[in-house]
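Okay, structure first, notes after.
The values are calculated or read from the model by the stated rules, or taken from the named source; none is laboratory data. Computed from a predicted model, the values in this text were never measured in an experiment. Cβ placement follows ideal geometry from the backbone for every residue including glycine, while neighbour counts extend to all protein chains displayed. These area figures cover heavy atoms from the full protein model, side chains too; ligands, DNA and RNA do not enter into them. Shrake-Rupley method; radii C 1.70, N 1.55, O 1.52, S 1.80 Å.
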Amino acid sequence: MSTATAPNPTVSRKPRDDEIDVWGLTHPGKVRKNNQDHFLLGSLHKRLEVRASSLPASDLLQARDERIGFLAMVADGVGGHAAGEEASRLALEEVTTYVAQSTRCYYDWDSQANDFTDMLQPAALKSHESVLEHAGSYPDMRGMATTLTLYIGVWPWIYLLQVGDSRYYLLHNGELTQVTRDQTVAEELARQGLLTRATAAASPLANMLSSAIGGHQAAPVVTRLRSDWGHVHLLCSDGLTKHVSPREIEQHILGIQSSKELCHALLELALQRGGSDNITLVVGRVKTSPES
């Protein structure tokens with residue numbers, strides 16, 4: 001687990017639901033026949049069962065649905081036929097179920113900040129076991145695996161879970177940073193100094209995962225960092241980054257009008273350049289400043 005803090009974060013009130021602008025989409029691309037990517041967006045809520053009250057119904061509804069945090073995930077499946085699609089679906093379902101059942105973490109997040117960190121690795125490993133079990137039960141699913149990039153925002157913290165080479169990018173003060181590290185053979189060799197970065201990026205080993213849900217090894221990495229009202233968050237599969245550079249992504253984000261518009265603009269650019277893989281994007285931001 002690693003902890004990072006964005007430079008000079010602005011810690012203020014939690015954004016309201018109507019101030020959050022988030023969008024996600026997935027596309028098979030122009031070459032592959034099926035889409036093995038999946039994404040999920042969801043809110044984490046503190047459920048309150050009101051037995052009796054004199055409050056109006058509208059106030060009751062608000063009390064029952066207080067948002068504790070926000071969840072976003074991208075999974076890029078690998079495997080023949082429909083195996084990759086099944087692997088990414090299973091991974092998201094298992095992690096979502098695990099997170100939803102861990103209500104203690106939502107209630108205690110302010111006093112037990114490490115609970116979210118401690119929860120995420122077991123969630124990934126449980127998902128890994130589920131995909132392996134499924135592959136073992138169905139011969140045509142053998143070899144199925146998936147990446148998993150997960151974001152949980154619990155103001156003012158961001159919790160990230162990374163397995164594989166889908167990515168999480170953060171725009172802070174006009175600068176885009178790739179926060180997650182690709183778990184590929186090429187990246188591991190580059191970190192060991194056995195390949196240059198340029199050689200690693202062009203190597204076929206850049207497409208070989210060193211860690212995956214359902215693969216030979218799952219080595220989930222959890223990171224915690226502070227959030228800020230001015231941040232823009234991007235989760236994506238490598239179908240985007242094969243065709244669109246980080247600098248180009250940054251330029252598009254700086255001209256953002258809405259998360260939906262940005263998702264479609266980046267998708268269109270990747271498709272124009274060949275769309276050689278499935279493409280999945282999730283973009284989130286806060287629309288206004290805390291003073292608004």
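If residue 171 passes every condition in (1) farther than 20 Å from residue 120 by Cβ; (2) touching a Cys at 6+ places or on another chain (Cβ under 8 Å) but one, which one does it miss?
(2)
Does residue 200 satisfy the condition of being over 20 Å from residue 29 (Cβ atoms) and without any contact (Cβ under 8 Å) to a residue 12 or more places away in the chain?
No: the conditions fail for residue 200.
If the Cβ limit is 6 Å and pairs must be 6+ apart or interchain, which residue in the range 1-25 that is closer than 23 Å to residue 41 by Cβ pairs with which residue that is modelled with pLDDT of 90 or more and among the aromatic types (Phe, Trp, Tyr)?
Close Cβ pairs (under 6 Å, with a partner that is modelled with pLDDT of 90 or more and among the aromatic types (Phe, Trp, Tyr)) amount to 24/39.
Identify the residue in the range 243-261 that is in contact (Cβ under 8 Å) with a residue 40 or more places away in the chain and hydrophobic (A, V, I, L, M, F, W, C) and, among all such residues, is surrounded by the fewest Cβ atoms within 10 Å (Cβ to Cβ).
254
Taking the range 207-227, which residues are crowded, with 21+ Cβ neighbours inside 10 Å and outside any strand (DSSP E or B)?
211, 212, 214, 215, 218, 220, 227
Considering only residues of the range 65-106 that are open to solvent by less than 50 Å² (accessible area, probe 1.4 Å) and polar (S, T, N, Q), which is modelled with the highest pLDDT?
Once the filter is applied, the top-ranked residue is 88.
Can you name every one of the strands (runs of 3 or more DSSP E) wholly within the range 142-197 that holds 1 or more residues which are free of Cβ contacts under 8 Å to residues at least 24 places away in the same chain and out of contact with any strand residue (DSSP E or B) (no Cβ under 7 Å at 6 or more places or on another chain)?
none
On the given criteria, is residue 123 in contact (Cβ under 8 Å) with a residue 12 or more places away in the chain and more than 21 Å from residue 284 (Cβ to Cβ)?
Taking the combined requirement at face value, the residue does not satisfy it.
On the basis of being modelled with pLDDT under 95, open to solvent by 10 Å² or more (accessible area, probe 1.4 Å), within 25 Å of residue 281 (Cβ to Cβ) and in a helix (DSSP H, G or I), does residue 133 make the cut?
No; evaluated as a whole, the condition is false for this residue.
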